[in-house]
Structure formats: structure tokens, C-alpha cells
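K.L.:
This structure is in C-alpha cells; I'll ask about it shortly.
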Amino acid sequence: MKKMSFSSRSFFTASIFLGLWFFVGAVCHPLDAQQSFTQRLQFEPRETTPLFTHSLEDGDEKEGPSAKELRKLVQQAAMSGDASALAEVLRTMGRMPGRNATAAVLSTANSLSRTTADDIYWFLLQGVAGFKGADAFTEMGEFVVRYKSKPIARDLLNALRKTRSKYANRVIRRVMEYCPIDMQMMAVDIAAEIPVRRTVDVLMPILARECAKEKDGKRPPTELKRSLISAMEALTMQQLGNSLINWQGWWERERSRGLKVIREEAENHESTTGLARPLDPVRARQFLGLEDLPPGKVLVIKGPTAKNGFDTNYDHIEHVLERISIPHTVIEKGEVEKSSFSFKGVAAVFINCSHIHKFCQNPNHKPGEYTGNRMHRCVGEGAHDEVQFKMNKDAIDKIVSFVEKGGYLFTEDWCLIEILEVGFNKFLRSGTALDGGNFGISPEKGMTSHPLLRGVFVPPVDMDALRRRAYGLDDEDDDEDAEYDPASEDDPGDVDGDRGKTGVGNSDLDAPGEIEDPDIRLIKHQWKIDKESPSLDIRSKKVQVLIDSEDLRKECGEGAVAVTFTVKKGRVIHVLSHFGEQSSSDNEATIENLLINFLLQVRIRAGN
């Protein structure tokens, strides 16, 4: 990977160039578009001339631009309306030493957290998470602690899921010590993909803390402990069980060798799930238990096939479950209506979106002109054979009772009209019938720590940029293995100092002389919505929006794409349109993670 040093003099040159770039862009772009973008970001318009007009003498070289000056540059780039210009500013700032550049980007993102400028907000967080300097991670660590009660802290941790830098432990350590449990769970997910011994050093005392909560076996293991064990197994490729003594004793003996050597000698126990993209290490290990669920624990309810061969299902979630080897049982919706049917022994129910309106199933008739509701006028000789495959009230009452007693229910699209609007109308109702299309989506701000969103909006790792997965080293250097020093996996600069409430790393002890180019990539996710899918009309504050679409909100006034809510002991998840058709713009089935997370919660429920 190409590295380059960056001084305040080179920043001065770059800032003049970028300032002129923005000035030309402001002149060339229509005024109304510029004002609209400025209004969205809630920034005051200002001159787009170069920000740094003073000359730098040799003696000024060490000081560099202030955080205030850098923030002006970030705001100016955001106001330009040009994503490539903003990316270039982030690349420039990412190569700067010190903490000011990181502080400037985070401050700007924080000012956007209360606005509707979601695209810029997520771009800034993904951009700063790609910074490589040691001081950048110190600043991010203190930032998440300072704003631990705000959505932006969780969203920054979610963006950091793509990092593989050992300096991310400066963030992880602070989160594990000072932040709430949901953020600690996110930090463990980050740690599981940073295989350096400093990571194990950070996690080991946290594992001891969680083990102490069991009171010598009188209490069950915490969810955080289970995740810590999975992370330790992923990092070390060792299977040492849940015993703290085993882990501590093994690490005391093996630490001096370094994780690089330990991992090369170990067998990789990662599972193959059949998903479009492998799971992260923690969930990959948790996923193993899903394959052992009894078939009756997961139930899929589908629509029937009509006499004319028409498959009334618009989606087949059972096909996804088959592909990822999840045991399940499939029944038709008519079975639920039988008085003898019971959900006893079932932990989770998936309901396919299926046709719910009356239609003719005469096999001798043909479809004519389109009439709406995904139907065509029936054309042909002979009597019509009209049917309607829609659950009756008794079946829906059984589903409501199942959820209230602790069951998990996953629904999609027209299930909102058929089931939720009847049995759960205090929470959710159908809204506008949509024209369909592809819409950009993003997580609801602050919801990235929700268990159902783990890995959903994590960008894929750029393996070419890493060169060697775990350490970012160049494979071209044949002498590196012989010169390997286990101490290179440590970070002696991660120590508490005098600045800030939570301390600051004295990175001069360990920071590299040159900072690598930052990883600045904006991953855009799309959601395909079919014609006449109903938008989501949220009726209760208990409904949590997981996935949101600003594009959709502009079209119909309602932006929710995926929501969840609890009903007594159980939970309902509903997604707009058809789950099985979703994928990210990178041709990766990132959205499949939502289904996996749902199943992991089901496993916990089934285990209890």
C-alpha cells in the first residue's frame, strides 16, 4: 500500500487547490441547487475562496491547521454538493498527523445528526472510519465516550466495522470501560476482526469481568460473555470453551509468540453459511448452533398454488433458509385456520407475502389488461372460478397469541394488510400503495447497535488495499516473515495522558512516521420495492425503525423500510416489499444479515 508523509506545508498547498476547486464548482452550479444543499446541511453560506491565505514559514511547519480551520474545509466540501470533492477532502485530511482532522470531521458529522442530510452524515462517518493514523483512533475513542448517549456514537462504531487497524483498540478499550452494553457488543464485533495480541489484551479483563457476574455458576452467562468467547475463538483460532481459567492460562503461555504465528499454526473453524458474503467471525461461530435447531422451531407459512398453476407467493423465504441450511417446516396458510393447529414448540414464524385478493383460477382463462392489485382482467369462455387465499380472523388470533407468549414473527409486504393491520393495528397499518422502484436506504440514526442490524450496513473489506488480511503488510516483501516481531502487534502508545476526561494516547511512542492513505468509500444500499407494496404507517412510539429511506419519504411522506416492535414477551419484524429480492449496490446480499440476526435472536429464544 502506498504511504506518504503529510506536513502542514503540503496541506496548505492542497487547501488552496481545493478552495479553487470549490470556487469553480460554486460558479458553475445553479444557484438554487447550491442554496438547497446549503439549507439541507444548515450551514451559513460563505465565500468559497481558499481557506488558508497566510504563508507558512519553516518555523510554522509543526503547528499545522487548527481543528476550526479544518472544519471549515469539511463544511465547504459538503456544501459543494460534489461527493467526489468531499471524498478528496477526506483523503487529504486522513493523511494528516494528529487529532485535529479527525475532530473536524466528527464535529461536522455531529452537527448533521439532527438534520435530514443523511447522505453526507453517513459519508463523513464512513470516511473518518477509514483514517489510518494512530491519533485518529484516539480521537474517535474519546468521541464515542463523550457522545455515548447520542446516536452518532453508535453510528461511528458501525462505520468502524470495516477497519482492520490495530489502533482501533484505542476505541475498543474505551468503549468496553465507559460505554453501555449495546456499544460494547459493537466493539466486540470490531475486535474480532483485528487479530493482534493487543486485542486479546484488551478483551481478557472484560471476559473476567463478565465471568464474575455469574456468581460461581449461580447465574447464566451474559450475552456479552458469549460474544467475547466467540471473538476470542475467532482471534486465536482456539477452542477453549467458556472457562476463564483456560483462556487466561493459555494466553499467559502463548502470548509471547504473537497471534500471527498462533493463527498460522491453527486450524480455521469458520463455517460456510451459503450466504452471498461470509459472516463476521463472531456471528459465524454463533451461526453454528442454528444448524442444530429442531425443524419445528422455525416455521414458514406460505400461500397455496391455484388450480391454474398460479403460485400465489410473491416471495419464498423458505428458499433462503434452505440455502443457508436452517432446519424449518413449511405449511400453507390454510393449515393455520384449522381448529387442530397449534404453534406449540415453534420459536419463529416467517410468513411469505402472497396474493390476498379474489381472482379467477379457471385454467382455461387467460390474463387480459392490468386492473390493479397485481391482477389482470380474466379473459376466456366458461364460468369464473373465483377464490381468495386470505387468512381468517381465527388464524390471525392464533398468530397474535403466539407472539404474546414469546414467539418471533417475521412478515413482509402484503402481510401488513392481511395480518398486522388486523391483529397488530395499534402498532402498524398500511399506508400509500407505491409505484415501485429502487430506493436508497440507510439505517435509522442511532439504531446501528440494535441486534437486528448487526452487519447489515457494514461495507465489505477492501482486500486488495489490505494486501495481507490481518496486518496490512505487503506480500511482496519475502523477508518479513523472518523479521517478524510479535511486539509489532502491540500499541504502547495507547496509554492515558492529561487531555480529556478519558485520557489520550501518547502515540509518539508507537505512531508510524508516515500515515497510510485512508480508505474512503461510500457504500450505497438499495431496496427494491414492487408495484403496489404498501408503505408503513407507524401508529405507536413502541415501533422502532431499523431501516429508513429518504428517497421513499420524498415520494410518499413515509420513509420506514424495516421496523420492529415487541408485543408482551414476543417480537414482530416487518419489511417493506419482498425480502428475498434485496441486495446492495456492490452486488453483495448485505441485507441477508437482517434475516441472520433474526434467526440468532430466535436461537437465544429457543435456548431459553
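K.L.:
Can you give me the number of residues within region 78-137 that are under 23 Å from Gly446 (Cα atoms) and assigned to a loop (DSSP other than H, G, I, E, B)?
P.N.:
8
K.L.:
Out of the residues in region 91-121 that are of a type outside the set (Ser, Thr, Tyr), modelled with pLDDT of 90 or more and under 22 Å from the mean Cα position of the chain (by Cα), which is most open to solvent (accessible area, probe 1.4 Å)?
P.N.:
Asn110
K.L.:
Among the residues of region 239-254, write down those that are basic (Lys, Arg) and either within 32 Å of the chain's Cα centre (by Cα) or outside any helix (DSSP H, G or I) (or both).
P.N.:
Within region 239-254, no residue meets the criteria.
K.L.:
Could you list, in sequence order, all residues of region 400-409 that are crowded, with 17+ Cβ neighbours inside 10 Å and either without any contact (Cβ under 8 Å) to a residue 60 or more places away in the chain or more than 18 Å from Lys542 (Cβ to Cβ) (or both)?
P.N.:
Hit for region 400-409 is Phe402, nothing else.
K.L.:
Need pairs with beta-carbon distance below 7 Å; first residue within 19 Å of Gln286 (Cα to Cα) and within region 238-250, second in a helix (DSSP H, G or I) and open to solvent by 40 Å² or more (accessible area, probe 1.4 Å); sequence gap 6+ or separate chains.
P.N.:
Leu240/Asn246
K.L.:
Here's something else I'd like to know. Being within 27 Å of Leu576 (Cα to Cα), free of Cβ contacts under 8 Å to residues at least 60 places away in the same chain and surrounded by 16 or more Cβ atoms within 10 Å (Cβ to Cβ) narrows it down to one residue among Val320, Val330; which is it?
P.N.:
Val330
K.L.:
Now, a different point. Just to be sure I understand the filter: pairs with C-beta atoms under 8 Å, separated by 6 or more residues or on different chains, first member in region 81-92 and on the phi > 0 side of the Ramachandran plot, second member of a type outside the set (Phe, Trp, Tyr) and open to solvent by 10 Å² or more (accessible area, probe 1.4 Å). Which pairs pass?
P.N.:
These pairs meet every condition: Gly81/Gly25; Gly81/His29; Gly81/Ala33; Gly81/Gln34.
K.L.:
Within region 139-192, can you find the residues that are outside any helix (DSSP H, G or I), among the basic types (Lys, Arg) and either without any contact (Cβ under 8 Å) to a residue 60 or more places away in the chain or touching an Asp or Glu at 6+ places or on another chain (Cβ under 9 Å) (or both)?
P.N.:
Lys148, Arg164
K.L.:
If you don't mind, another one. Taking Asn593 as the residue in question, decide whether it is modelled with pLDDT of 75 or more and open to solvent by 10 Å² or more (accessible area, probe 1.4 Å).
P.N.:
So Asn593 passes the test.
K.L.:
Name the strands (runs of 3 or more DSSP E) wholly within region 485-557 that hold at least 3 residues that are modelled with pLDDT under 90?
P.N.:
By residue number, 525-529.
The values are calculated or read from the model by the stated rules, or taken from the named source; none is laboratory data. Bear in mind that the values here come from a model prediction, so they are computed numbers and not experimental data. Glycine also receives a Cβ, built like all others from the backbone with ideal geometry; neighbour counts cover every protein chain displayed. For accessibility, only protein heavy atoms count, side chains too; no ligands or nucleic acids. Shrake-Rupley method; radii C 1.70, N 1.55, O 1.52, S 1.80 Å.
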